[in-house]
Amino acid sequence: TGNHDEAAPRRALGPWMEGATFLTLLKPGSLLFYGSAEIGFDRPSAAEHKPIPFDVPVQVDWANPDRAVQSFHRETFRLSREIHTLLGPAELRAPESEGSWVGYLLVPKRPGALKGAAVLANPTDREVEVRLSEPGLGFEYRGSLPAFGYHLVRF
């Protein structure tokens, strides 16, 4: 969700930062994560809008993180480790969806502890209803997501 040449994720995505990050960090495979984003560090200069500009000396202040951003990342990294351990190698599938929510299914390539997981998020500023049915996987979900909310459903 971040890029060292662009504005920090919070500035670039606003309230959608957590949902977009959640969707990204739970995907299968390796991910490149721009260091210091996990603590909300953001010190742009007048000439460069990136979180760690190159035109002035900047040192990441690891001792004073944005506690909410740090807590969100710790929990999301924990969930990512947990779900990928439970699923093992998994493929990403696009679900049949209606409405304003977004997401994907993680389906294990080999039988395991779970049949799969649904990673769901709401990119809108209003609550949305989620109706998801995957008969081939024996999975059905009905629920709602708050504005800019996100959720992991194991099945």
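The values are calculated or read from the model by the stated rules, or taken from the named source; none is laboratory data. All values reported here derive from a predicted model rather than from experimental measurement. Every residue, glycine as well, gets a Cβ built from its backbone with ideal geometry; the counts of neighbours run over all protein chains shown.
If you filter the range 125-143 down to residues that are exposed (fewer than 12 other Cβ atoms within 10 Å of the Cβ) and acidic (Asp, Glu), you find that the one that is farthest from the chain's Cα centre (by Cα) is GLU140.
The single condition among (1) of a type in the set (S, T, N, Q); (2) on the phi < 0 side of the Ramachandran plot; (3) crowded, with 20+ Cβ neighbours inside 10 Å that SER36 does not meet is (2). All conditions but one from (1) in a strand (DSSP E or B); (2) of a type in the set (Val, Ile, Thr); (3) loosely packed, with under 14 Cβ neighbours inside 10 Å apply to VAL153; the one that does not is (3).
For the range 114-143, a residue qualifies if it is more than 21 Å from GLY14 (Cα to Cα), in a strand (DSSP E or B) and not acidic (Asp, Glu), and the qualifying residues are ALA117, ALA118, VAL130, ARG131, LEU132, SER133, PHE139, TYR141, ARG142, GLY143. Any residue that is in a helix (DSSP H, G or I) and in contact (Cβ under 8 Å) with a residue 24 or more places away in the chain - is there at least one of those in the range 102-113? Among the residues of the range 102-113, not one is in a helix (DSSP H, G or I) and in contact (Cβ under 8 Å) with a residue 24 or more places away in the chain, which makes the answer no. If we keep just the residues of the range 1-37 that are at pLDDT 95 or above and charged (D, E, K, R), which is nearest to TRP62 (Cα to Cα)? If we take residues in the range 1-37 being at pLDDT 95 or above and charged (D, E, K, R), then GLU18 is nearest to TRP62 (Cα to Cα). Residues that are touching a Pro at 6+ places or on another chain (Cβ under 6 Å) and of a type outside the set (S, T, N, Q) occur at least once in the range 79-88.
Looking at ARG126, is it charged (D, E, K, R) and farther than 23 Å from GLY143 by Cα? Answer is no for this residue. Restricting GLU82, GLU98 to those that are in a helix (DSSP H, G or I) and without any contact (Cβ under 8 Å) to a residue 60 or more places away in the chain reduces the list to GLU82. Return the residues of the range 21-44 that are free of Cβ contacts under 8 Å to residues at least 24 places away in the same chain and not in a helix (DSSP H, G or I); say none if nothing qualifies. Matches in the range 21-44: GLY29, SER30, LEU31, LEU32, ARG43.
Out of ILE83, ILE52, I need the residue that is surrounded by 12 or more Cβ atoms within 10 Å (Cβ to Cβ) and within 26 Å of ARG110 (Cα to Cα). Which one?
ILE83
Within the range 45-68, no residue that is over 21 Å from GLU6 (Cβ atoms) and at pLDDT below 95 sits with its Cβ atom under 6 Å from a residue that is of a type in the set (A, V, I, L, M, F, W, C) and not in a loop (DSSP other than H, G, I, E, B) at 6+ positions apart or across chains.
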